[in-house]
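Below you'll find the structure, written out as structure tokens, and then a few comments.
The values are calculated or read from the model by the stated rules, or taken from the named source; none is laboratory data. From a predicted model like this one, the values you see are computed outputs, not experimental measurements. Here the Cβ is made from the backbone with ideal geometry for all residues, glycine too, and neighbour counts use every protein chain on show.
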């Protein structure tokens, strides 16, 4: 019996954003592995075992998934958004590299998903329409000095920016420091976008000039997008559109 | 009669990566607007008019779509990948900002898609599993000096990188310059990934150490991913896995 391991992206929350490819993998799985709230999105059915686990146990979860696939099960590891962006795919490959040699021969596939920054961008226009970077603001797995350095260099490059995991209860001070660095370095009124529960019925989009942004505007359910120096706001009767033009003129 | 304009992402090529949300919009459209090869992906049906147009006419195409929506049609502008990343969404909003004031009141929605860099990343592992940037290497709409500056700063930030539009027949020399800058600046053997026709039946993935990369490895159907200094390769019997670890230790 040959098992398989699929690492699949469920998108940001709206089931209409789950690709048919991922739905097909979920429909053929014997075992679903993932962080509790993501596994909760999967419907129970006969023949399917759900294995929800807590946050911050990504390597243990990966090993468990690999062990089951090696035993012949059809395992799907679920991530929110895209599994390759600050999510489970890197954790699974870390476990593969450090684990049993025969794990390398398993049938392992990554199926992409709609990542939160692109859903948030779509919800307010096209703020990521020109060159940009994506930074995970959690310092659980890297030193804050590296995050700070990246923020400064990204501002110097005039990238638009997308920030994942801006703030959690256990790290209330990080986003305050990041905002301070960005406000000092950018020194203009480019828009910053706080997209909470993006694509869900209770989605909120809050667009403010960078100098007016405060740390409490983000929480762990928020993705934050920052425009470049050229990002534009189109005012209108409803919520404004925000977009970054495709072109930069010669200076 | 109230029209609408949807700017939708078709994903990188495999129809199983088109979200149900986008399929629904395509199913309710009266008019489809887009670059010829993307409109060719849409099946004809009674009541649907297809409006394919050539490359480099993005603003004209956007105005046409906005005019039809203003006339009460249900228009879908299609992009490959995600419409908000180096694609049609920014062009449409540029046309809105510069166009007739009543265009601002139109029902305009952006529906995200699977962007090529995430499909390419999934196809070889998780090279974008840590902080990264996305740069459009075409200098049609921006000066080369800005691209070069961004490449250098991105290398200094130790971002993984995704490059869109690396090379075309009309711009054969740009990617050669970009590679030279990256080889000089990174000065190590991190992997660079050439993913051609990603997600299609004729997909090819070519992974080489950065110093061995040559300009002819990319064409206009290729997306290029460059690892960070920490990106790992897992050798095995089949194609290797490439991933960027989630963590960076304190130094």
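Please work out which one of (1) closer than 17 Å to residue B:3 by Cα; (2) within 14 Å of chain A (Cβ to nearest Cβ); (3) surrounded by fewer than 21 Cβ atoms within 10 Å (Cβ to Cβ) is the condition residue B:56 fails and give its number.
With respect to (1) closer than 17 Å to residue B:3 by Cα; (2) within 14 Å of chain A (Cβ to nearest Cβ); (3) surrounded by fewer than 21 Cβ atoms within 10 Å (Cβ to Cβ), residue B:56 is out only on (1).
Within the range A:4-111, which helices (runs of 4 or more DSSP H) (wholly inside it) include 3 or more residues that are in contact (Cβ under 8 Å) with a residue 60 or more places away in the chain?
Of the helices (runs of 4 or more DSSP H) lying wholly inside the range A:4-111, those with at least 3 residues that are in contact (Cβ under 8 Å) with a residue 60 or more places away in the chain span A:20-27, A:58-70, A:88-98.
Give B:1, B:68 a once-over and let me know the one that is modelled with pLDDT of 95 or more and over 26 Å from residue B:198 (Cβ atoms).
B:68
When you go through (1) closer than 27 Å to residue A:156 by Cβ; (2) under 16 Å from the mean Cα position of the chain (by Cα); (3) modelled with pLDDT under 95 one by one for residue B:128, which number turns out not to apply?
Looking at each condition in turn, residue B:128 falls short on (3).
Does at least one position in the range B:168-184 carry a residue that is more than 14 Å from chain A (Cβ to nearest Cβ), in contact with a strand residue (DSSP E or B) (Cβ under 8 Å, 6 or more places away or on another chain) and closer than 25 Å to residue A:83 by Cα?
Within the range B:168-184, not a single residue is more than 14 Å from chain A (Cβ to nearest Cβ), in contact with a strand residue (DSSP E or B) (Cβ under 8 Å, 6 or more places away or on another chain) and closer than 25 Å to residue A:83 by Cα.
Within the group B:148, B:139, which residue is more than 9 Å from chain A (Cβ to nearest Cβ), over 26 Å from residue A:91 (Cα atoms) and either touching a strand residue (DSSP E or B) at 6+ places or on another chain (Cβ under 6 Å) or at pLDDT below 95 (or both)? Break it down into steps so the answer makes sense when it comes.
Numbers: B:148 fails: either touching a strand residue (DSSP E or B) at 6+ places or on another chain (Cβ under 6 Å) or at pLDDT below 95 (or both).
Being more than 9 Å from chain A (Cβ to nearest Cβ), over 26 Å from residue A:91 (Cα atoms) and either touching a strand residue (DSSP E or B) at 6+ places or on another chain (Cβ under 6 Å) or at pLDDT below 95 (or both) holds for just one of B:148, B:139, which is B:139.
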